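See structure below.
The values are calculated or read from the model by the stated rules, or taken from the named source; none is laboratory data. Please read these numbers as outputs of a predicted model, since none were measured by experiment. Here the Cβ positions follow ideal geometry from the backbone for every residue, glycine too, while neighbour counts run over all protein chains shown. Heavy atoms of the whole protein, side chains included, go into the accessibility calculation; ligands, DNA and RNA do not. Shrake-Rupley method; radii C 1.70, N 1.55, O 1.52, S 1.80 Å.
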Amino acid sequence: MPPPVAFAPWNDAIHGTQSVMDKAKFLRDHDIPSSVIWTEDWRGGEFSGDAYQLKEEWEVDPTLYPDLSGTISSLNDQGFAFHGYFNQFVYLSSKAYTETSPNGWLIKTRAGDDYLFTGAKFTETSLLDLTHPDANQWAADKMRGLMDLGADG
């Protein structure tokens, strides 16, 4: 049987600490059932014109979430689990690219080069090759880093 947290709605909240806490308060003030607050932009996000784009880093953005551990603790006190969002995109403009590409941890072309394509932000990206044991460990370590801050999932 899945844990009870699986049976109530999960809510996405973005745009930094204050916005996330405002969403949590709204949910509780209006008795809206919710078991999880999850966020995509704990790793960074910014507006480009009218569009909000994730920075696609693999670490906490200290500008948007200067005390993510405290935010998570406050959400837990309100009865929310906190989940972070990961995907295996690695954008050329990211710090993650400099950590992964030189090690050969991205998917490859038949010629052995990083396979690059236009990502959701219309810039060049690749994907972490999760079949590579060291790439898999790198991703797991990044996820563990979020869990060490108190994230529940």
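Is the range 55-62 home to any residue that is farther than 30 Å from residue 133 by Cα, without any contact (Cβ under 8 Å) to a residue 40 or more places away in the chain and under 12 Å from the mean Cα position of the chain (by Cα)? Spell out the reasoning first.
Within the range 55-62, the first condition is being farther than 30 Å from residue 133 by Cα, and the residues that meet it are none.
Checking the range 55-62: not a single residue is farther than 30 Å from residue 133 by Cα, without any contact (Cβ under 8 Å) to a residue 40 or more places away in the chain and under 12 Å from the mean Cα position of the chain (by Cα).
On the basis of being open to solvent by 30 Å² or more (accessible area, probe 1.4 Å), more than 14 Å from residue 57 (Cα to Cα), within 13 Å of the chain's Cα centre (by Cα) and among the small types (Gly, Ala, Ser), does residue 153 make the cut?
Yes: the conditions hold for residue 153.
Within the range 113-125, can you find the residues that are among the small types (Gly, Ala, Ser) and either part of a strand (DSSP E or B) or open to solvent by less than 70 Å² (accessible area, probe 1.4 Å) (or both)?
So in the range 113-125, the residues among the small types (Gly, Ala, Ser) come out as 119-120.
119, the sole residue that qualifies.
For the list (1) modelled with pLDDT under 95; (2) at positive phi; (3) out of contact with any Leu (no Cβ under 7 Å at 6 or more places or on another chain); (4) surrounded by 14 or more Cβ atoms within 10 Å (Cβ to Cβ), I need the number of the one condition that residue 44 fails.
The one condition residue 44 does not meet is (3).
Looking for whichever is aliphatic (A, V, I, L, M), within 28 Å of residue 137 (Cα to Cα) and not in a loop (DSSP other than H, G, I, E, B) here; the options are 90, 20. Which one fits? Steps first, answer last, please.
Numbers: 20 fails: within 28 Å of residue 137 (Cα to Cα).
It is 90.
Looking at the range 23-39, which of the residues that are outside any helix (DSSP H, G or I) and over 13 Å from residue 82 (Cβ atoms) is least open to solvent (accessible area, probe 1.4 Å)?
The qualifying residue least open to solvent (accessible area, probe 1.4 Å) is 32.
Search the range 47-72 for residues being of a type outside the set (Val, Ile, Thr) and touching a strand residue (DSSP E or B) at 6+ places or on another chain (Cβ under 8 Å), and hand back the single one that is surrounded by the fewest Cβ atoms within 10 Å (Cβ to Cβ).
Filtering the range 47-72 for residues that are of a type outside the set (Val, Ile, Thr) and touching a strand residue (DSSP E or B) at 6+ places or on another chain (Cβ under 8 Å), the one surrounded by the fewest Cβ atoms within 10 Å (Cβ to Cβ) comes out as 47.
If I filter the range 78-91 down to residues being small (Gly, Ala, Ser) and either within 15 Å of the chain's Cα centre (by Cα) or open to solvent by less than 30 Å² (accessible area, probe 1.4 Å) (or both), which single residue comes out as farthest from residue 107 (Cα to Cα)?
Looking at residues that are small (Gly, Ala, Ser) and either within 15 Å of the chain's Cα centre (by Cα) or open to solvent by less than 30 Å² (accessible area, probe 1.4 Å) (or both), I get 81.
Any chance the range 96-112 includes a residue that's under 16 Å from the mean Cα position of the chain (by Cα), within 30 Å of residue 24 (Cβ to Cβ) and open to solvent by 50 Å² or more (accessible area, probe 1.4 Å)?
No: the range 96-112 contains no residue that is under 16 Å from the mean Cα position of the chain (by Cα), within 30 Å of residue 24 (Cβ to Cβ) and open to solvent by 50 Å² or more (accessible area, probe 1.4 Å).
So which residues in the range 66-89 are touching a Phe, Trp or Tyr at 6+ places or on another chain (Cβ under 8 Å) and modelled with pLDDT of 95 or more, if there are any at all?
Residues satisfying the conditions are 68, 71, 72, 75, 76, 82, 83.
Just one of the numbered conditions (1) hydrophobic (A, V, I, L, M, F, W, C); (2) open to solvent by 40 Å² or more (accessible area, probe 1.4 Å); (3) in contact with a strand residue (DSSP E or B) (Cβ under 6 Å, 6 or more places away or on another chain); (4) part of a helix (DSSP H, G or I) is not true of residue 75; which one?
(2)
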